[in-house]
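Step one of this worksheet: look at the structure below.
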Amino acid sequence: MEERVRIARELHDTLLQGFQGLVLRFDAVMKTIPQDHPARNLMENVLDRADGLLLEGRERVRDLRHEEISANELQARLVTCGDQLRQNHAIRFSLSVIGTPQPLDPTVGDEVYRIGQEALTNAFQHSKSSKIEAEITYDHSRLRLRVRDDGAGIDQDVLLRGRDGHWGLVGMRERTQKIGGQLKIWSQEGAGTEVELAIPASIAYPLYGKAARWRWITRLLGLRN
């Protein structure tokens, strides 16, 4: 946790603060461009994007400092992601939650979101489906995320090896391995695709993890059978 806080502090004091300074300088330059000049509108769009990146960066720094993310944060972030993707595609999107949402370990919560984001992006961009559904399940043994569509499916060779020059599926598997989870991808051409990510409760839920560590310590010290 101390190392996470140190990294967060360094990111804030160097990268984010420096980026903020550049944004302010670009804003000053933009104000010297006449209102009716095409470059003015282009600069405004670039600065809007820069503000969005700054906000995302500050959120990542905040996550580094937190010991857990709130119970409903994963759901909210995935809903926002799906709603943004839906703006450019005529595809229905819904997200459901099964069980009682739990606070999540910050590393696990962020990786689960990134995997879900990649699954949603792939589905919206490549599935040619009419609907995409996401489902988060909280139970006593695991955290599970499912993303499924009713689209064209994925070629089995692509499913196993990925597309040349594209690292989405590889990245999802690497993120899953990093947090000790299991990733299953089922797909059949013409029958859609389902991505299922499962994380053991002892890894995903901080309270479960603390309880497990305490049981291990007490057994080690001979305080209980």
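The values are calculated or read from the model by the stated rules, or taken from the named source; none is laboratory data. Only a predicted model underlies this, so the values are computations on that prediction, with no experimental measurement involved. Quick reminder, even Gly has a Cβ in these numbers, built from the backbone with ideal geometry, and neighbours come from all protein chains shown.
Please tell me if Arg163 is among the charged types (D, E, K, R), at pLDDT below 95 and not in a helix (DSSP H, G or I). Taking the combined requirement at face value, the residue satisfies it. Could you tell me whether Leu47 is in contact with a helix residue (DSSP H, G or I) (Cβ under 7 Å, 6 or more places away or on another chain), surrounded by 13 or more Cβ atoms within 10 Å (Cβ to Cβ) and modelled with pLDDT of 90 or more? No; evaluated as a whole, the condition is false for this residue. The residue pairs whose first member lies in the stretch 39-53 and is assigned by TED's automatic domain parsing to the domain that holds Ala28 and more than 13 Å from Arg25 (Cα to Cα), whose second member is among the aliphatic types (A, V, I, L, M) and not in a helix (DSSP H, G or I), and whose beta carbons are closer than 9 Å, counting only pairs six or more residues apart or on different chains, are Ala39/Ile33; Arg40/Ile33. The single condition among (1) among the small types (Gly, Ala, Ser); (2) more than 30 Å from Asp155 (Cβ to Cβ); (3) in a helix (DSSP H, G or I); (4) touching a residue at least 24 places away in the same chain (Cβ under 8 Å) that Gly21 does not meet is (4).
The rows are residues; the columns are (1) of a type in the set (S, T, N, Q); (2) at pLDDT below 90; (3) within 19 Å of the chain's Cα centre (by Cα); (4) outside the structural domain of Ser141 (by TED's automatic domain parsing).
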{"residue": "Arg6", "(1), (2), (3), (4)": "no, yes, no, yes"}
{"residue": "Leu11", "(1), (2), (3), (4)": "no, yes, no, yes"}
{"residue": "Thr14", "(1), (2), (3), (4)": "yes, yes, no, yes"}
{"residue": "Gln17", "(1), (2), (3), (4)": "yes, yes, no, yes"}
{"residue": "Val23", "(1), (2), (3), (4)": "no, yes, no, yes"}
{"residue": "Gly57", "(1), (2), (3), (4)": "no, yes, yes, yes"}
{"residue": "Val61", "(1), (2), (3), (4)": "no, yes, yes, yes"}
{"residue": "Leu85", "(1), (2), (3), (4)": "no, no, yes, no"}
{"residue": "Gly99", "(1), (2), (3), (4)": "no, no, no, no"}
